[in-house]
Amino acid sequence: MIKFKFHIKADNSFSNINPVDDNGGNFQASDKNTLKIILIIFGVFCLVCLTSFIGFFSIVFNGINSMKKGAEEKNEQWKTIHALPVLKCKIYTDETVTAPISGSEAAFYFLRIGNEHYLKYDSLRANTETQGDIQIYENFDYSMITRYPKGTKLSVNGNLYTIDFQYSIMDTLGNNNVHFTGKIVNRKEKNISMYAPFHSKNHQIIDHFKNEHPWISSYLEDIKGYENIIMEEYTFKNGDSIYIKGKIVDHKIVAFNEHQMYTPYKTQKQIREERGIQ
């Protein structure tokens, strides 16, 4: 420790007070510079900590706002889709196409694409498919892959219209369960042993449509994409009625096509709110 002695002139002037160490030397200017450097480093450290603290909470805040905004946009999309006009159409064709899942001959078929979310069974009180202590929650896209023979026409209010669309939104009107003819579920290999076996035939069917739907492309081609994919099949015969979201433009039926805003992970709270569970 440096001890200081002060030599004061007889005239009692304080202007000539000079610190000296025990050896009679002046307090070195380098010691003052060292102190300044320490203070500067400490100040920079505090500034970095403060900036990191603000940045962290900014990311969290923006993330929460982004999730909230996404949920609101998805809810608005749901309202918009359900408000679209519905056309009751009757199928007219002499030809058939082969439905991919059932293998049956159909005048018209829809493929409904979805995926699964896995939740702890005891975390929700809802009627869904369960396997052990795992609860499976299914989520489906609005737009469906739509196939029919070339030259097929649809009748609306007794008038025949040509069609040329590959995707459509099948409305919930009508007894669509009567036309349900098959379902397949495929999961990536790391999920197979936990939930269900891997079916090579199912994979071949899904792979056939890999460029036909963005969710299938995500599952097959993106390593960070969907972990699983669901495909449901609905088939119709000549003369059957179908209900699709669409409109008539220039003597032609135009089907609406819009994909759901996808939420990769739904929290248990979100699913409770959707199902009205307290």
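The values are calculated or read from the model by the stated rules, or taken from the named source; none is laboratory data. Note that the coordinates shown come from a computational prediction; the quantities given were computed from them, not determined experimentally. Positions of Cβ are generated from backbone atoms using ideal geometry, with glycine treated the same way; all protein chains shown enter the neighbour counts. The protein model used for the area step is the full one, side chains on, heavy atoms only, and it has no ligands, DNA or RNA in it. Shrake-Rupley method; radii C 1.70, N 1.55, O 1.52, S 1.80 Å.
Can you name the residue in the range 231-252 that is surrounded by 21 or more Cβ atoms within 10 Å (Cβ to Cβ) and β-branched (Val, Ile, Thr) and, of all such residues, is nearest to residue 141 (Cα to Cα)? Selected residue: 244.
Selection of the range 71-92 for residues being modelled with pLDDT of 95 or more and not in a strand (DSSP E or B) yields an empty set. Taking residues in the range 224-247 that are free of Cβ contacts under 8 Å to residues at least 60 places away in the same chain, and partners anywhere that are open to solvent by 10 Å² or more (accessible area, probe 1.4 Å), the pairs with Cβ atoms closer than 6 Å and at least 6 places apart or on different chains are 225/218; 225/219.
Cβ-Cβ contacts under 7 Å between residues 6 or more apart (or on different chains), taken from a first residue in the range 147-158 that is closer than 23 Å to residue 208 by Cα and of a type in the set (D, E, K, R) to a second residue that is modelled with pLDDT of 95 or more and surrounded by fewer than 16 Cβ atoms within 10 Å (Cβ to Cβ), are absent.
With respect to (1) at pLDDT 85 or above; (2) of a type in the set (Val, Ile, Thr); (3) open to solvent by 70 Å² or more (accessible area, probe 1.4 Å), the lone exception for residue 181 is condition (3).
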